[in-house]
1. Might you check whether a residue that is open to solvent by less than 40 Å² (accessible area, probe 1.4 Å), modelled with pLDDT under 95, over 29 Å from B:ALA25 (Cβ atoms) and assigned by TED's automatic domain parsing to the domain that holds B:PHE255 occurs anywhere in the range B:147-159?
2. For the range A:182-217, give me each residue that is buried (at least 18 other Cβ atoms within 10 Å of the Cβ) and part of a loop (DSSP other than H, G, I, E, B).
3. State whether one or more residues within the range B:58-74 are in a loop (DSSP other than H, G, I, E, B), of a type in the set (D, E, K, R), under 17 Å from the mean Cα position of the chain (by Cα) and more than 14 Å from chain A (Cβ to nearest Cβ).
4. Every residue in the range A:17-74 that is under 16 Å from A:VAL329 (Cα atoms), assigned to a loop (DSSP other than H, G, I, E, B), touching an Asp or Glu at 6+ places or on another chain (Cβ under 9 Å) and more than 14 Å from chain B (Cβ to nearest Cβ), please.
5. Name the one entry in B:PHE208, B:PHE241, B:PHE199 that is assigned by TED's automatic domain parsing to the domain that holds B:ASN110, at negative phi and open to solvent by 20 Å² or more (accessible area, probe 1.4 Å).
6. Please find, among A:ARG2, A:ARG80, the residue that is over 28 Å from A:ASN217 (Cα atoms), open to solvent by 40 Å² or more (accessible area, probe 1.4 Å) and touching a residue at least 40 places away in the same chain (Cβ under 8 Å).
7. Kindly provide the set of residues from the range A:242-263 that are open to solvent by less than 40 Å² (accessible area, probe 1.4 Å), part of a loop (DSSP other than H, G, I, E, B) and over 19 Å from A:ALA366 (Cβ atoms), ordered by number.
8. Can you list residue pairs whose Cβ atoms sit under 7 Å apart, with the first residue in the range B:256-272 being within 11 Å of chain A (Cβ to nearest Cβ) and of a type in the set (A, V, I, L, M) and the second being in a helix (DSSP H, G or I) and buried (at least 20 other Cβ atoms within 10 Å of the Cβ)? Count only pairs 6 or more apart in sequence or on different chains.
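The values are calculated or read from the model by the stated rules, or taken from the named source; none is laboratory data. None of the values given here were measured: they were computed from a predicted structure. Reconstructed Cβ throughout: ideal geometry from the backbone, glycine too, with neighbour counts over all protein chains shown. Note: accessible area is taken over every heavy atom of the protein model, side chains too, but ligands, DNA and RNA are not part of it. Shrake-Rupley method; radii C 1.70, N 1.55, O 1.52, S 1.80 Å.
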Amino acid sequence: MRKKRCIAMLLAGGQGSRLGILTKSMAKPAVPFGGQYRIIDFPLSNCANSGIDTVGVLTQYRPLQLNSYIGTGESWDLDRNEGGVYVLPPYMTGETGVWYKGTANAIYQNIPFIEQYDPDYVLILSGDHIYKMNYNKMLSWHIKNKADVTIAVRSVPWEVANQFGIMATAEDGSITEFAEKPKEPKSNKASMGVYVFSWPVLRKYLTDDEANPASHNDFGKDIIPKLLSDGKRLMAYAFEDYWKDVGTVHSLWEANMDLLKEPSEFNLYDHDWPISGRNPVMVPQYIGSTASVTDSMITDGCIVNGTVSGSVLYYGVTVEEGAEVIDSVVMSGTVLKSGSRVVRSIVAEDCVVNAGALVGGEGGIALIGTGTVIPEGACVEAGVQADNATFEKEARA
Amino acid sequence: MNDVMGIIYTSPEDFALRDLTATRAVSALPLASSYRAIDFVLSSMVNTGVRNVGVIMQKNYLSLIDHLGSGHPWDLHTRVDGLRILPPTGVASMPGTYMGLIDALNANMNFLRRSHQEFVIVGYGNSILNADLNDLVLEHINTGADLTIAYTKDLSSDLAGPDSGNKHSFMKLDDKGRVTEIEINPNAPSFPNMAIDLFVIRRKLLMFLINRAEALGQKSMDELLRDSIRDHSLAVHGYEFNGFYRAIETVQGYFRLNLDLINPETRKALFGKLPVFTKTRNDPPAKYMDGSAVKNSLVGNGCIIEGTVENSVLFRGVHVARGAVVRNSVLMQDSYVMENAELENVIFDKDVTIRRSGRLVGQPLFPIVVGKGMTL
């Protein structure tokens, strides 16, 4: 196979357990976002827009949705003869074979995949964030600084700094200290989990790490600290544009709401950096005579005859006359019957909210799981998570 | 049904569409927010199970090729068979234009010869219908007809418009469904059965008839049918098509079709049963700003709406700015209605801009058409 200068490895095996019932049936990178995307569309589109045409997607937890979603990669122009997108689940090797033990181990197990392309650089990405980033600029920075590894860095609010890999940098941008999720962070410069490695260095450190039984086989906990203590050149690449971890119900809701702000913090209507996704063919959206739609995003296939305000409707949502959706995220195929009211909630795909049902309110974000049928007149309070099992239990009680 | 191939003829008869077809074939006309005319007959063939489709192109076919590409949206990007684009070739008299379907098929005889399916469905790229055509093929086989042509009794489409030129054939059928008489382009039709540019025939018989037509000097399919019915040389059967059917022929008809599709019942009749495939763009969802007021309209993805939109069809990426009012209009992709502008009974082709406080008002039966890329 022809040599590639840089290939990307996208870690998409995460469960995203903080997203509760939303990730019961799908991995976090497959979680829908912004009307017609899934989280993984953002790193994949960034790759395509940055001219990186070879991407390995490492899956582990509930890979079905991701597999079928990625398909041949045609939606991101990643169906290449030379390169392209590959889904890489863990596999058996003779008598052995293990799950991916950690982020570093996942890459380690795929060294043969990487070596096919004999790359100079390997870009490590995660499928957890909403952002637009030109990885090429980061790669140029890496090359210019003759770094062994470059880590994308951004400032985060001090109060959440303890949830990230936190680093200290010298004036030239080189990293002098790194602490994974420190109890008392010394700075608020956080790793975005986006790394450019020079491949020979990464290969050596992955191999050494695998040989160390005490290792967690994790980039943040093991590989980066080891590189630092060995005196390798680690560079920080500052990125201060929009970047959001959508790991919790609240942050997923908030990131959707960010799309509605005007001027928007995160512009999807940017023709120079298109975000692509794989979408079903849908009839155009219809806004009826009795509808009122303001401050919202609505996708093809929706039929709106009720009131929609401050909300994001994914494709194929029906809002009947007299139904109300306020400050909410409603995923594809869901039907809101006349007289139902949804406030500050995330309603997952293919739900039915029957007449008179009330979902959410002031307070925490309510979450309705995939395929839930909310009975007539039922009430799901703010901050509560509910699916069919919840209502079956209620009915029995 | 795998033993059927398809041929789509994209007609050059577009004078009545004026500016709308100045730079594109009728079959490439955008329709209903996100489609192009040819999507309907092409999707119908695909939904019927046809896997080998030739599209006969002529005159201004660039946008059609751009739209069809490798046939991917219709799953026709296959190694065996798939979508075959047939650009104009082999006609010396009028380069780029055929004299009719017979001329066009004659020029593309090789495609017919090399195909291996037993039957051919021939359709027109400006026919708007969405149906499983297996019924048509089955009826053709069961009646033992030589040629089965679809007809409709529903004449609700705008056929009598001043521009239409009455270019339709009407057929008389006996009680077994056999066509006994055909009237070509009558001013006042004697029969209620209007042929709809859709027929099925054995591939080898079609090749034979095309060869013979040349010898007999038959220029159009209608002439061929008329002669064959008169001398009883062909058993021609009629198949009543009960689904939604319109043909895009005039500006008024095109305008009305778009606006009619806003109606949920009409939309259901066309889109309700089977999917219509089309090439999609990378547009984000449509955005409705604070202060927007949209009523009874179809909106494509990628639109940004700050003003008022009523009874209108907006294609992808249309921007209606604050204070602007759009009524009863069809705005194709990437049109821009600037602040406080007002539109009523207007068709905007792609990329049209109307500047601040501009006002353009047409008549319901005579919409104003603004050509591609204009700024008003």
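1. There is no residue in the range B:147-159 that is open to solvent by less than 40 Å² (accessible area, probe 1.4 Å), modelled with pLDDT under 95, over 29 Å from B:ALA25 (Cβ atoms) and assigned by TED's automatic domain parsing to the domain that holds B:PHE255.
2. A:PRO185, A:SER215, A:ASN217
3. In the first step, residues of the range B:58-74 are kept if they are in a loop (DSSP other than H, G, I, E, B); the result is B:58-61, B:69-71.
Next cut, of a type in the set (D, E, K, R) only: B:59.
The next check asks that each one be under 17 Å from the mean Cα position of the chain (by Cα); those that pass are B:59.
Next, from what is left, pick out any that are more than 14 Å from chain A (Cβ to nearest Cβ): B:59.
Within the range B:58-74 (the criterion being in a loop (DSSP other than H, G, I, E, B), of a type in the set (D, E, K, R), under 17 Å from the mean Cα position of the chain (by Cα) and more than 14 Å from chain A (Cβ to nearest Cβ)), the answer is yes, since at least one residue qualifies.
4. A:ILE39 - this is the single residue of the range A:17-74 that is under 16 Å from A:VAL329 (Cα atoms), assigned to a loop (DSSP other than H, G, I, E, B), touching an Asp or Glu at 6+ places or on another chain (Cβ under 9 Å) and more than 14 Å from chain B (Cβ to nearest Cβ).
5. Values: B:PHE241 fails: open to solvent by 20 Å² or more (accessible area, probe 1.4 Å); B:PHE199 fails: open to solvent by 20 Å² or more (accessible area, probe 1.4 Å).
It is B:PHE208.
6. Numbers: A:ARG80 fails: touching a residue at least 40 places away in the same chain (Cβ under 8 Å).
Checking each option against the conditions leaves just A:ARG2.
7. Matches in the range A:242-263: A:TYR242, A:LEU259.
8. Between residues of the range B:256-272 that are within 11 Å of chain A (Cβ to nearest Cβ) and of a type in the set (A, V, I, L, M) and residues that are in a helix (DSSP H, G or I) and buried (at least 20 other Cβ atoms within 10 Å of the Cβ), the close pairs are B:LEU261/B:LEU270.
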